[in-house]
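Structure first, commentary second.
Rule-based calculations on the coordinates, nothing more; no lab input. Source: prediction; values computed, not measured. Positions of Cβ are backbone-derived with ideal geometry, glycine not excepted, and every protein chain shown enters the neighbour counts.
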Amino acid sequence: FQYQAVENGKGHSQYSGDVEVGSTKSGSGFDLTDGGRGDHKTFDLNHGSSGGKLFNDADDTWGTGKPADAQTAGVDAAYGAGLTWDYYKDVHGRSGIKGDGKGATSRVHYGNNYVNAFWQDSCFCMTYGDGEGNAKPLTSIDVAAHEMTHGVTSATGNMEYSGESGGLNEATSDIFAAAVEFKADNAQDKGDYLVGEKIDINGDGTPLRYMDKPSKDGSSLDYWDTNAGNVDVHYSSGIANHFFYLLSEGSGAKEINGVKYDSPTKDGSKVEGIGREKAEKIWFKALTAYFTTTTDYAQARKDTVKAAGDLYGAGSAEQKAVEAAWTGVNVK
Ligand code: ASN
Ligand code: ZN
C-alpha cells in the first residue's frame, strides 16, 4: 500500500472554463492521473491511434483553454471523466465504471480530423478525435459522460449494440450524459436535454440530438414503431431519450436554463413529469437490476415500471408516470 496525496491541478478547458483536474505528483512534476477517482488516467495520442503518453506537467497548471494547446483537450477529458465519476458515486453510490473503485483511461488527439469519440471495453478507455481540421476536440462534458456510460452499460445491463437493445444502450449514454451535465452545473455548459451542443459537429450551432423531440435531428425516432429495430442505434435511441424527457419534465412546452423544449406524445396524451432526479434513479435501477443483453422496448417498459415500484412503491405516482411516459412514446 502506498499513500498518494490527492492533488488538484488547475485546468484551463476549452468548453468548461477554468476547472480543477485531479493529478498526482510524479518526480518533480505531476501526472494527469486522478488520485481521488481510482487513478483515472488521461493520455495524449498526439494524432496516433495507439500507445500515447500520459499527460505530465511541471507546475500542475494544465492547458490554455485553446485547442491549439495539446493539454487543453486533456483538461476537458479529465474534467468530464471526473464529473461522471462523481455523478455515479454521489447519486447512485457506484464507485467507478465497474463499481470496484478503479478508474479508466481517457485518450485525446486520436488520429487526424477524426469527428467522433468512442468507448472500448478492451482498453477500458474512451478516445476522442480532434474534429474537422483538428480544431475542435470532441471533449465536452456530455460527450465524456456519454462515452464513459458505455463502460457502465457494458458492466451492467450490457444491452447488445444492435436492434432495439442497441437503441436502449445508446439512450442510456445520452440519458446519463444529460444527468451529469445538469449535476455539474458548469457556468459555461449548463445542463440541457441536448446531446453534443458544444462540439458543433453540424457546423451551424445545432446539437447532435434532442431528447424532447428526437426527430428534430432529421433522423431519430420520436416514437416506437415496428421498424425501430432496423434503424441505427443512434436513431432508435430517440424513443428512450424521449421517454426520459417526458418522465422528467412532462409533455408540452418548457424552458430550462435558457433552452426551449416542446415535447409531444404520440397520442396527444398529457404526461406529468416527476423530475429528472427520480427519472435517473428509475433508469439506473432498471439498467443495473433488470436490463439484459436482449432487452427490447417492450421489456424496458416492464423493467422500468418494476424499478419505479421498487423505489417508490407499487401504484405510486412515479410508477404511473413511467407507464404514461412509455405510452406517450408508443411503447404499450
Ligand atoms: N460516438 C459514438 C457513440 O459513442 C461512437 C459509436 O458509434 N459507437 O455512440
Ligand atoms: Zn454511444
Subject >> Reach of LYS254 by Cα under 14 Å, taken over aspartates and glutamates that are not fewer than 8 positions away in the same chain >> reply: ASP192, ASP212, ASP262, GLU272
Subject >> Computed lengthening from ALA298 to ASP225, 0.36 nm per intervening residue step minus Cα-Cα distance >> reply: 25.2 nm
Subject >> Exposure proxy order (Cβ contacts within 10 Å, fewest to most) of ASP310, ASP204, ASP31 >> reply: ASP204, ASP310, ASP31
Original post:
Which of LEU221, LEU208 comes first, and how do the rest follow, when ranked by fewest Cβ neighbours within 10 Å?
Top reply: LEU208, LEU221
**OP:** Lys and Arg at +1, Asp and Glu at -1: add these up for the other residues within a Cβ distance under 10 Å of TRP85 and post the number.
**Re:** 0
Subject >> Angle between the chain longest axis and helix 163-184 axis [Cα atoms, degrees, rounded to 10] >> reply: 60 degrees
**OP:** State the antiparallel share, in %, of DSSP beta bridges confined to the chain, rounding to the nearest 5.
**Re:** 75 percent
Subject >> All-pairs alpha carbon distance profile, region 173-265, 10 Å steps from 0, percent >> reply: 17, 51, 29, 3, 0
**OP:** Based on alpha-carbon positions alone, could you give the equivalent ellipsoid semi-axes of the chain from the gyration tensor, as √(5λ), descending, whole Å?
**Re:** 34, 21, 17
**OP:** Please give, to one decimal in nm, the separation of the simple spin-label points placed at ASP18 and ASP69, each 7 Å out from Cα toward the Cβ.
**Re:** 1.2 nm
Original post:
How much net charge surrounds ALA300 when only the other residues with a Cβ under 11 Å from the Cβ of ALA300 are counted, with Lys and Arg +1 and Asp and Glu -1?
Top reply: 0
Original post:
For the cross-link pairs LYS66/LYS213; LYS10/LYS183; LYS89/LYS270; LYS53/LYS278; LYS41/LYS260, which exceed 30 Å when the distance is taken from alpha carbon to alpha carbon?
Top reply: LYS66/LYS213; LYS89/LYS270; LYS53/LYS278; LYS41/LYS260
Original post:
Counting other C-beta atoms within 10 Å, which of THR288, THR84 has the fewest, and how do the rest follow?
Top reply: THR288, THR84
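For every helix of n ≥ 4 consecutive DSSP H residues, a contribution of -39,500 (n - 2.57) applies; sum these over the chain, divide by its total residues, and give [θ] at 222 nm rounded to the nearest 500 deg cm²/dmol.
Here the helix-only value at 222 nm equals -12000 deg cm²/dmol.
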Subject >> Cα-based helix-to-principal-axis angle, 233-249 vs the chain, degrees rounded to 10 >> reply: 70 degrees
Original post:
What full-extension length gain, to one decimal in nm, is calculated for SER49 and ASN8 as 0.36 nm per residue of separation minus the Cα-Cα distance?
Top reply: 11.9 nm
**OP:** Using only Cα atoms, tell me the angle between helix 70-92 and the longest principal axis of the chain; keep it within 0 to 90° and round to the nearest 10.
**Re:** 50 degrees
Subject >> Of the GluC sites (Glu not before Pro) in region 225-332, those whose Cβ has at most 15 other Cβ within 10 Å and which sit in DSSP loop >> reply: GLU272
